[in-house]
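The structure appears right after this line, and notes come after that.
The values are calculated or read from the model by the stated rules, or taken from the named source; none is laboratory data. Note that this is a predicted model, so its numbers are computed, not measured. FYI the Cβ positions are ideal-geometry reconstructions off the backbone, even for glycines, and counts take in every protein chain you see.
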Amino acid sequence: MQRRTVLITGSTSGIGLVIAKAFAKQGCNIIFNGLEANGVDIAQEVAAYYAIEYMFFPANMLQPAALREMVETAMSKFGVIDVLVNNAGIQHVSPIEDFPEDKWNDIIAINLTSAFHLTKAVWPEMKAQNFGRIINIASAHGLFASEFKSAYVAAKHGVVGFTKTAALEGAPFGITCNAICPGYVKTPLVEKQIGDQARVHNLPEDEVIKKVILAKQAIKEFVPVETIAELALFLASDIAATITGTAMPVDGGWSAQ
Ligand code: NAD
């Protein structure tokens, strides 16, 4: 894994940041991305701790030209991007009849279309070197629906479909593409939902976690973020060369029901 170059979108927070640290620990070069105001400091701190080469880009997933520029600039420094982790994502919860159209468009663009633009941008060099790993952070909502999450569920199902197509097209060229489908992981994205649900249901947060947030998981515990990061590392490794086109649930038994 050492010296591989890894681009992780949304890697200055939550799941993406822990994935970045896991690859950094292996000695990989990391291309950080995210919209956090202190993103550049976060990237610098991780890179200094693990003594790795890095770059940071606040490229917005809504702007395809910025994504292409990020890839081109990173490739001019590192030559090739060996591993792409499409992780950046947002959520909005609302019934369909009230769902704001701009939120729908943003969720599809950030959670789904950015994965297409970035995959397209890294593809020729991965193909030329006959090695590539694309890991898409989908969701249990890439396999199942929940009410009031229409855009998110549509986007994540789209990510799973895109993953399968990229797997077929990449197979002759040593490029694998897989989706990880987490249940609930305690990150800033979910912390906000806990507070919102506690207010709506008028319940203390610990009860909201068990009765509302984790209702669909058989194991009433958050999925540790490290579990997602370790699975991403495994999928990026040489030993995972024949695993492709999958959508792997890591969901405390949600998908067993
Ligand atoms: P998070 O809010 O902690 O991190 C999201 C990251 O995406 C941040 O770095 C943010 O800056 C970045 N981002 C958002 N919009 C962006 C944009 N327009 N351009 C560039 N970057 C942008 O959330 P998280 O929970 O770590 O989520 C990461 C991924 O995991 C998402 O795709 C999410 O859907 C998925 N996921 C999360 C959970 C969970 O329970 N937390 C479960 C399943 C799937």
Check on Phe148, at pLDDT below 95 and either crowded, with 21+ Cβ neighbours inside 10 Å or of a type outside the set (Gly, Ala, Ser) (or both)
yes
Over the stretch 140-161, the set of residues closer than 12 Å to Lys216 by Cβ and polar (S, T, N, Q) is Ser146
Got at least one residue in the stretch 90-112 being without any contact (Cβ under 8 Å) to a residue 24 or more places away in the chain and outside any helix (DSSP H, G or I)?
yes
Residue hits (the stretch 133-191; within 8 Å of the ligand (Cβ to nearest atom), assigned to a loop (DSSP other than H, G, I, E, B) and within 14 Å of Ala247 (Cα to Cα)) are Ala138, Ser139, Gly183
For residues in the stretch 57-68 being in contact (Cβ under 8 Å) with a residue 40 or more places away in the chain and surrounded by fewer than 18 Cβ atoms within 10 Å (Cβ to Cβ), which is nearest to the ligand (Cβ to nearest atom)?
Leu62
Within 16 Å of the ligand (Cβ to nearest atom) and surrounded by fewer than 19 Cβ atoms within 10 Å (Cβ to Cβ), is that true of Ile110?
no
Given (1) surrounded by fewer than 14 Cβ atoms within 10 Å (Cβ to Cβ); (2) within 26 Å of Phe148 (Cβ to Cβ), index of the condition Ser76 fails:
(2)
Flag if Val71 is in contact with a helix residue (DSSP H, G or I) (Cβ under 6 Å, 6 or more places away or on another chain), more than 11 Å from the ligand (Cβ to nearest atom), under 17 Å from Asn178 (Cβ atoms) and at pLDDT 95 or above:
no
Please work out if Gln44 is within 25 Å of Lys156 (Cα to Cα) and either more than 10 Å from the ligand (Cβ to nearest atom) or not aromatic (Phe, Trp, Tyr) (or both).
no
Cβ-Cβ below 7 Å, separation at least six or inter-chain, first residue in the stretch 159-186 and closer than 21 Å to Gly14 by Cα, second at pLDDT below 95 and surrounded by fewer than 24 Cβ atoms within 10 Å (Cβ to Cβ): which pairs?
Tyr184/Val190; Tyr184/Ile213
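Here is a yes/no grid of residues against (1) surrounded by 22 or more Cβ atoms within 10 Å (Cβ to Cβ); (2) small (Gly, Ala, Ser):
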site	(1), (2)
Gly27	no, yes
Asn33	yes, no
Ala37	no, yes
Val40	no, no
Glu45	no, no
Ala48	no, yes
Ala51	no, yes
Glu72	no, no
Val83	yes, no
Return the pair list, or none, for Cβ contacts closer than 6 Å from residues in the stretch 27-47 that are under 8 Å from Ser11 (Cβ atoms) and assigned to a helix (DSSP H, G or I) to residues that are away from the ligand (no atom under 13 Å from the Cβ) and among the small types (Gly, Ala, Ser), at least 6 apart or on different chains.
none
Go through (1) aliphatic (A, V, I, L, M); (2) closer than 23 Å to Gly174 by Cα; (3) more than 16 Å from the chain's Cα centre (by Cα); (4) within 16 Å of the ligand (Cβ to nearest atom) for Ala115 and report which single condition fails.
(3)
Scope the stretch 198-240; condition in a loop (DSSP other than H, G, I, E, B), among the hydrophobic types (A, V, I, L, M, F, W, C) and under 20 Å from Ile180 (Cα atoms); matching residues
Leu214, Ala218, Ile219, Phe222, Val223
Filtering the stretch 1-25 for residues that are surrounded by fewer than 22 Cβ atoms within 10 Å (Cβ to Cβ), under 21 Å from Met126 (Cβ atoms) and under 12 Å from the mean Cα position of the chain (by Cα) leaves a count of 0
